[in-house]
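The values are calculated or read from the model by the stated rules, or taken from the named source; none is laboratory data. This is a predicted model, so every value here is computed, not measured. For neighbour counting, all protein chains shown are included, and Cβ atoms are generated from backbone atoms with ideal geometry for every residue, glycine included. The area values use the complete protein model at the heavy-atom level, side chains included, leaving out ligands, DNA and RNA. Shrake-Rupley method; radii C 1.70, N 1.55, O 1.52, S 1.80 Å.
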Amino acid sequence: MKFYDLNLRGQDFENDLALVNEANKFGWDYLNLNYSPDNFDNAIQYKDELSDELSKMDFNQTYRNKKTNFEHAEISMGINILNANSNEIRKIINKYRNKSNYISCLGGDLKINRSVCENHRIDVLSRPYYKRRDSGMNHVLAKEAVKNNVAIELCFRDILNNHRRYRANVIASFKEILMFHRKFNFPLILTTDSKSIYDIRSTRDIVAFFRSIGFTDEEIYNGFYYYPKQIIDFNKERKDMIIKGVKVISSDDFTDTYDNLESDLEEFKPLDEEFVDVIDNEFDDEFIDEAEYENAEFDIEEDEL
């Protein structure tokens, strides 16, 4: 199983290199760095250099180097829209939709949550529960997300960097959104939302946490691989699409889509028993230990955006 993290906080070249380097060591196969619309154009200019530097890194004696066929993580860059109203969101989408393979929008406000779920040109509604006492989702938004193929994003950092009442609220929101997902089947992706190297956790730790709050192995597989891969693959072909499901192709590039379907998207296979046993043995209460986060913030501060 491959692990996609579609939400790393991009900032500048040095910080981004340290971030993807650390994430690569801990088992992530695909890393997407998100930027504000103002910083996206500048980030694209050093994308190739970032990939080259990552390929030169020495990963001896690391967690990932235990694999027989070691490969460096693939890198992409996307846009995360913050603190924008519906009109501003539309303007940003019109400007950047064909330049980026990934566009997400921070939720929290119910008007924004609904506006995003109703917009088929946006890939992801990120953290609909942000600064709320509820999950920010309901059956109306769930149906719109299904209709427009908008994925809902749950961020692990909201659990990692907060404690007590706020952490309890976030876990409750995760479970409520999972309930809506099981009923309506909208895309649900899981991310780390890592801002620094200290937010990075191994894929094993992340899987252990989501299993502990009720996610099945299939839901974890879909959240970290199947749905993220669908988003990235779909957007790579978006420029050639006339309408959803219909794209322009040349006779030279023609391939039989149905014959290649199984090779493009692997069928789900349960996490292997040895891997699950290791998780069960190693996972302790580090994610829910109140003492460990005694000095953590009660809420997300504005400068965390």
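Taking a probe of 1.4 Å, how large is the accessible area per residue of the range 1-146, in Å²?
Here the per-residue accessible area is 48 Å².
Sticking with the crude label model, points 7 Å out along Cα→Cβ, report the distance from N39 to L110 in nm, one decimal please.
3.2 nm
May I ask which of K25/K131; K111/K195; K95/K183 have a Cα-Cα span longer than 30 Å here?
Table pairs above 30 Å Cα-Cα are K25/K131; K95/K183.
Which percent of the accessible heavy-atom area of the range 68-191 goes to carbon and sulfur, probe 1.4 angstrom?
C and S fraction of accessible area: 44 percent.
According to the square roots a ≥ b ≥ c of the eigenvalues of the Cα gyration tensor, what is the shape class of the range 195-242, taking rounded for a/c under 1.5, prolate for a/b larger than b/c otherwise, and oblate for the remainder?
oblate
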